[in-house]
Amino acid sequence: MRFLVTGGAGFLGAALANKLVADGHTVLVLDDLSSGDASRLQPEAQFTQGDINNIPLLWSLLADVDCVYHLAARVSVAESILHPQAYNAVNVGGTVSLMEAMRDTGVRRVVFTSSGAVYGRLPTQPVHENDTPNPDSPYAVSKWAAEQYIHTIGQLWDIETVALRIFNAYGPNQNLPVSHAPVIPRFLHQALTGGSVVLYGGGQQTRDFIYVADVVAALAAAATARDVNRQVINIGSGVETSVAQLVALIEQVTGEHVNQLINQQKVGGVPRLVADISRAQQLLGFRPLVNLESGLQLTVRGDGRFRKS
């Protein structure tokens, strides 16, 4: 098959693009490199640097494409609170631009990477796709709005659409920005450099951590799965892990004592979030294969930043 992966030089996008290349597909990648790194990509991936809102560029890339994976997005919750307009322009506006260009070029399926963040604070866990989202950040709002756009436009223009709500993905070579880094690479870095981790509210808030290879397997399945049109599908491990439990596992995997700073004055986001993955199991044949302990070991071994000298 012939695929376009937008945001394909990012953490998840590059892992997906490289898997598709390894499986023998033709893979085109679009990324503006605002946070991506084209060196992550296998040489066979055809890389183009550009803006997701550049519709003429999208026209040129979409010729004869069978399916688009739409991962291009800004992804920091904290940054979105400071810059909501920019998040709307890329995450929502960019999605609409892509759908217009797909209509114009006759591409008939898009797999959109949404986020478990759209659920926000819900009283009942695990969260199911039929639960009404309660987004608590501009990032989460932008992902939910983009879901509505792809499904509505897809219905109007006869484009097959499926949105995968990805929970807390992690793995080797995940971005580690100076501020607002994802929790697993941040905690691993602190553990292996003698730093401290801050546990807000005592670290009792829970999350659903999913290893990158399991996410890629779900994405790959979504390109050809039947009966997924207009569906929203949770992609997580289905296992609820507290931040305090995560720290204990990191200590176990690295053999390092992690200095913990408890901040009871600030909450660390929603108190609980874990995915009901029954729909993914039914529609995609999805089975997460890597538990958190094994995933942390693979991350440490596979990422040069975390190897001891």
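Each value in this text was obtained by applying a stated rule to the coordinates, not by laboratory testing. Note that the structure is predicted; figures quoted are calculated from it, not measured. Cβ placement follows ideal geometry from the backbone for every residue including glycine, while neighbour counts extend to all protein chains displayed.
Could you tell me which residue out of THR124, VAL5, LEU33 lies farthest along the dipole of the chain toward its positive end? Charges go on the beta carbon: Lys and Arg +1, Asp and Glu -1, centred on the Cα centre.
The residue sitting farthest along the positive end of the dipole is THR124.
Hey, how many Å between the Cα centroid of the range 56-106 and the Cα centroid of the range 246-281?
Their Cα centres are 31 Å away from one another.
Taking every DSSP beta bridge with both residues inside the range 1-136, roughly what % is antiparallel (nearest 5)? Can you show the working numbers first?
Numbers: 0 of 17 bridges.
If I count the DSSP bridges inside the range 1-136, around 0 percent turn out antiparallel.
Could you quote the convex hull projected area for the range 165-309, Cα atoms only and averaged over all directions, in nm²?
Values: hull surface 36.4 nm².
Seen from a random direction, the Cα hull of the range 165-309 projects 9.1 nm² on average.
Picking from LEU199, LEU156, LEU219, which is most flexible by a Gaussian network model of the chain using Cα springs under 10 Å?
For the chain, modelled as a Gaussian network with Cα springs under 10 Å, the answer is LEU156.
How big is D, in µm² s⁻¹, for the range 108-241 by Stokes-Einstein at 10 °C and 1.306 mPa s if Rh is the Kirkwood radius over C-alpha pairs? Intermediate results must be reported in sequence, preceding the final value.
Values: Rh = 16.4 Å.
Value of D from the Cα-based Kirkwood radius: 97 µm²/s.
Could you give the size of the charge dipole of the range 113-190 about its Cα centre, using +1 on the Cβ of each K and R and -1 on the Cβ of each D and E, expressed in debye and rounded to the nearest 20? It would help to have the intermediate numbers written out before the result.
On the way: 4 positive and 6 negative charges, 79 e Å.
With only Lys, Arg, Asp and Glu charged at Cβ, the dipole is about 380 debye.
Quote the charge dipole size of the range 129-256 about the Cα centre in Debye, to the nearest 20; the model charges only the Cβ of Lys and Arg (+1) and of Asp and Glu (-1). If you can, show how the numbers build up before the last one.
Values: 6 positive and 12 negative charges, 44 e Å.
That gives the range 129-256 a dipole magnitude of about 220 debye.
Whole percent per 5 Å bin, from 0 to the bin with the longest distance: what is P(r) over all C-alpha pairs of the range 61-108?
All Cα pairs, binned at 5 Å, distribute as 5, 21, 25, 18, 13, 9, 7, 2 percent.
Count the DSSP beta bridges whose two residues both fall in the chain, then state the antiparallel fraction as a percent rounded to the nearest 5. Don't skip to the answer; put the middle values down first.
On the way: 2 of 40 bridges.
Looking only at bridges with both residues in the chain, the antiparallel portion is about 5 percent.
What spacing in nm lies between the two simple spin-label points modelled at LEU33 and ARG108, each 7 Å away from Cα in the Cβ direction?
3.6
Rounding to the nearest 10 and keeping the result within 0 to 90°, find how far the Cα-based axis of helix 11-22 lies from the longest principal axis of the chain.
Relative to the chain, helix 11-22 is tipped by roughly 60 degrees.
Is the C-alpha gyration tensor of the range 5-74 telling us rounded, prolate or oblate? Criteria: a/c under 1.5 is rounded; beyond that, a/b larger than b/c is prolate, otherwise oblate.
Oblate.
To the nearest 10 degrees, how steep is helix 183-192 against the longest Cα principal axis of the chain, on a 0 to 90 scale?
Here the helix axis deviates by roughly 40 degrees.
Roughly how big is the range 198-309's charge dipole about its Cα centre, with Cβ charges of +1 (Lys, Arg) and -1 (Asp, Glu), in debye to the nearest 20? Please report the intermediate quantities before stating the final value.
Working: 11 positive and 9 negative charges, 48 e Å.
That gives a dipole near 220 debye.
Among LEU289, LEU188, LEU71, which one shows the biggest mean-square fluctuation in a GNM of the chain, springs joining Cα atoms closer than 10 Å?
The residue that fluctuates most here is LEU289.
Can you tell which of LEU219, SER179, TYR149 lies farthest toward the positive end of the dipole of the range 147-233, using +1 and -1 charges on the Cβ of basic and acidic side chains (Lys, Arg; Asp, Glu)?
SER179
Would you mind calculating the relative contact order of the chain from Cα pairs under 8 angstrom and at least 6 residues apart, reporting the percent as a whole number? Kindly include the intermediate steps, with their values, before the conclusion.
Numbers: 628 pairs, mean separation 53.3, N = 309.
With pairs under 8 Å counted, the relative contact order is 17 percent.
Counting other Cβ atoms within 10 Å of each Cβ, which trypsin sites (Lys or Arg not before Pro) in the range 202-299 have at most 14 and sit in a DSSP loop? Working shown, then result.
On the way: sites: ARG207, ARG226, ARG230, LYS266, ARG272, ARG279; in loops: ARG226, ARG230, LYS266, ARG272.
When the trypsin sites (Lys or Arg not before Pro) of the range 202-299 are filtered for loop state and at most 14 Cβ neighbours within 10 Å, ARG226, ARG230, LYS266 remain.
Angle, helix 292-302 long axis vs. longest principal axis of the chain, Cα atoms, 0 to 90°, nearest 10?
Taking the Cα atoms of the chain, the angle to 292-302 is about 80 degrees.
Projected onto the charge dipole of the chain (+1 at Lys/Arg Cβ, -1 at Asp/Glu Cβ, origin at the Cα centre), which of TYR139, VAL247, ALA73 gives the Cα projection farthest towards the positive end?
The listed residue farthest towards the positive side: VAL247.
Grab the eigenvalues of the alpha-carbon gyration tensor for the chain, scale each by 5, take roots, and send me the semi-axes largest first in whole angstrom.
On the way: eigenvalues 196, 90, 66 Å².
Its equivalent ellipsoid spans semi-axes of 31, 21, 18 Å.
Per-residue HN-Hα couplings for the range 63-75, Karplus 6.51 cos²θ - 1.76 cosθ + 1.60 at θ = phi - 60°, whole Hz, x for Gly and Pro?
With the stated coefficients, the range 63-75 comes to 4, 6, 6, 8, 7, 10, 9, 9, 10, 4, 5, 8, 10 Hz.
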